[in-house]
Amino acid sequence: MGERAALRRYASGMTAFEHPRALVGMVHARALPGSPRASLPVARIAEIAAHEARALEAAGFDALIVENMHDAPYLRDASVPEVVAAMALVTAEVVRAVRIPVGVQVLSHAASAALAVAHAAGAGFIRVEGFVFASVSDEGLVKDACAGQLLRDRARLGAHGVRIYADLRKKHSSHAITADLSMADWVEAARFFGADGVIVTGSATGKPVDAAELAAARAASPLPVLVGSGATPPSLPALFAHAHAVIVGSSIKQDGLWSNELCPDRMRAIVAARNAIR
């Protein structure tokens, strides 16, 4: 078995939840070609992403998600050739760089693109917006849930090893049109439509989750529950009372700002806080 095949088997066969109270670190790929802030060649973007991935693994994170966060403002559907191609190359470099599970998110609302990237690059899971129900996001009206097409694409590609973690009431979105649905309704819809786990977030990047919503999701969910925003060292005990895993992005950057460089002291602090309660 070649190196790539071995990495694919390893990454696809694992989840972020082999350890209790898992920490999932964000690798925010620099702006990709074609996006407004792009300035680097893909090879350099991949090199930086791999460096950050190794730093997160060394700090004690249990899994990673590669995301094109610097591509703002985002397309409502980022399934365009230059994004898919660049994300596949960047993610493959991250998969080669670490021994912990790697996931993919393609902003915005590009679930099938993320699936294709993960499958090609040997990543083990994807984070998905708009899996069930409609919403109004920063990028506009998201009127079609993606679950039906996404699971068909997974079957068509033979990518059954790529797990799907679905955001519920996704951040940076208005959910007025589904205001009559409880968190239990969201969980049940995601479960019924085939998600492998659910993600609860605050209202925006870096904003804390609503404690009652997180508790309701855990009470209703037979699936793994992740926290998707706003985690800090002091908040981890309360979050892990209900969550299997916590995704961390802003809190581990300089000054707590997602667009800044990784901060070693902040990385150590959040891992130490998790280790104290593991």
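Count the net charge of all other residues whose Cβ sits under 14 Å from the Cβ of Gly194, scoring Lys and Arg as +1 and Asp and Glu as -1.
Overall, the nearby charge balance is +1.
Using a Cα distance threshold of under 15 Å, what count of lysine pairs results for the chain when pairs must be 8 or more residues apart or interchain?
4
To the nearest Å, what is the center-to-center distance of region 158-226 and region 42-121, using C-alpha atoms only?
22
Using a 10 Å cut-off on Cβ atoms, rank the peptides 223-229, 100-106, 205-211 from the highest mean neighbour count down. Intermediate results must be reported in sequence, preceding the final value.
Numbers: 223-229: 23.7, 100-106: 28.0, 205-211: 17.6.
Descending packing order for the listed peptides: 100-106, 223-229, 205-211.
How far apart, in nm, are the 7 Å Cα→Cβ label points at Asp144 and Arg54?
Each label point lies 7 Å from its Cα, and together they span 4.2 nm.
Can you give me the Rg/Rh ratio for region 171-278, using Cα atoms for both radii and the Kirkwood formula for Rh?
1.00
Using the crude model of +1 on Lys and Arg Cβ and -1 on Asp and Glu Cβ, and no other charge, please compute the dipole size for the chain relative to its Cα centre, in debye to 20. Don't jump to the answer; show the numbers that get you there.
Details: 28 positive and 26 negative charges, 116 e Å.
Once rounded to the nearest 20, the dipole reads 560 debye.
Rounded to the nearest 5, what % of the DSSP beta bridges within the chain are antiparallel ones?
20
Sort the following peptides by mean Cβ neighbour count (other Cβ atoms within 10 Å, averaged over residues), highest first: 83-92, 50-59.
In descending order of packing, they fall as 83-92, 50-59.
May I ask for the Rg/Rh ratio of the chain, computed from Cα atoms with Rh as the Kirkwood radius, given to two decimals?
With Rh from the inverse mean 1/r over Cα pairs, Rg/Rh is 0.93.
Among Cys146, Cys263, what is the fewest-to-most ranking by other Cβ atoms within 10 Å?
Taking fewest neighbouring Cβ atoms as first place, the list is Cys263, Cys146.
Bear in mind these aren't lab numbers, they're just calculated from the coordinates by the rules spelled out. Bear in mind that the values here come from a model prediction, so they are computed numbers and not experimental data. For neighbour counting, all protein chains shown are included, and Cβ atoms are generated from backbone atoms with ideal geometry for every residue, glycine included.
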